[in-house]
Amino acid sequence: MIADNHRFRQAIQQFDQANSHDPHKEMYHGKEHAKELLYAQRMTDCLLNFEPQASEVLQLAARAQHICRWTIPRDRYPMDRKGYLLWRSELKRFHAEKTEEILIECGYDQDSIDRVKSLILKQRLKTDPESQTLEDVVCLVFLDYYFGDFSAKHEPQKVVSILKKTWNKMSEKGRQKALTLHFTKEELDLINTAIN
């Protein structure tokens, strides 16, 4: 089992060590956390709840999804749609390369590393079940932990637009899981507007 896999535990430990250096902090349950470390832990928790039999490569990709994300800030790129897409594209490449460095150090073979990188890069999203599962988990973590703050900071029209895009990225299984999450009445109204 993965739980007895030394290189897997080592990789997770190194991902977490890297993310623990995030200068951005988030308060959760009365305690301050490094933002990307907390995000990575939420990704793992959500994945194992959503897909308990997730493969080792999928678990690695989920944990490393945002590794060291703060090192490429959004404001390094033009603050328009094109700049946003460039930023996201650069981030995915960076996350994949950083993950590869750690996995090589932990003794993973190149085929496994390439598979993890493919998942992080969201390749073959609609045809690769594991890639779709990872996308579902990304969306579920957003809805469960970050949607409330996001919706409070933006106009309803923008929130509904983002929700529509999020919903379109998810599988039917992911959508059904999303509807079991706890939302305020206001948040649920926005979700219903977006999906109906």
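If you filter the range 152-170 down to residues that are closer than 21 Å to residue 130 by Cβ and in contact (Cβ under 8 Å) with a residue 12 or more places away in the chain, you find that the one that is surrounded by the most Cβ atoms within 10 Å (Cβ to Cβ) is 166.
Among residues of the range 101-125 being free of Cβ contacts under 8 Å to residues at least 40 places away in the same chain and at positive phi, the one that is surrounded by the most Cβ atoms within 10 Å (Cβ to Cβ) is 122. Every condition in (1) touching a residue at least 40 places away in the same chain (Cβ under 8 Å); (2) over 16 Å from the mean Cα position of the chain (by Cα) holds for residue 85 except the one numbered (1).
Table: residues versus (1) surrounded by fewer than 16 Cβ atoms within 10 Å (Cβ to Cβ); (2) aliphatic (A, V, I, L, M).
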site	(1), (2)
20	yes, no
39	no, no
43	no, yes
48	yes, yes
52	yes, no
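The condition of being over 16 Å from the mean Cα position of the chain (by Cα) and modelled with pLDDT of 95 or more holds for only one of 90, 100, that being 100. Restricting attention to the range 64-77, which residues are without any contact (Cβ under 8 Å) to a residue 40 or more places away in the chain and either of a type in the set (Gly, Ala, Ser) or out of contact with any helix residue (DSSP H, G or I) (no Cβ under 8 Å at 6 or more places or on another chain) (or both)? Within the range 64-77, 73, 75 meet the criteria. At least 3 residues being of a type in the set (Val, Ile, Thr) is the threshold, and among the helices (runs of 4 or more DSSP H) wholly inside the range 42-152 those reaching it are 81-105, 110-120, 129-141.
Just one of the listed residues (25, 35) is touching a strand residue (DSSP E or B) at 6+ places or on another chain (Cβ under 9 Å), surrounded by 15 or more Cβ atoms within 10 Å (Cβ to Cβ) and of a type in the set (D, E, K, R), and it is 35. The condition of being in the same structural domain as residue 5 (by TED's automatic domain parsing), surrounded by fewer than 20 Cβ atoms within 10 Å (Cβ to Cβ), within 28 Å of residue 28 (Cβ to Cβ) and in contact with a helix residue (DSSP H, G or I) (Cβ under 8 Å, 6 or more places away or on another chain) holds for only one of 98, 173, that being 98. No other residue among 69, 74, 63 is assigned by TED's automatic domain parsing to the domain that holds residue 19 and loosely packed, with under 14 Cβ neighbours inside 10 Å apart from 74.
Picking from residues in the range 126-151 that are over 17 Å from residue 28 (Cβ atoms) and loosely packed, with under 13 Cβ neighbours inside 10 Å, the one that is modelled with the highest pLDDT is 129. Can we say residue 20 is touching a strand residue (DSSP E or B) at 6+ places or on another chain (Cβ under 8 Å), over 17 Å from residue 139 (Cα atoms) and small (Gly, Ala, Ser)? Here the answer is yes, as residue 20 does meet what is asked.
The values are calculated or read from the model by the stated rules, or taken from the named source; none is laboratory data. The model shown is predicted, which means the values in this text are computed figures rather than measured ones. Virtual Cβ from ideal backbone geometry, glycine too; neighbours counted across all protein chains shown.
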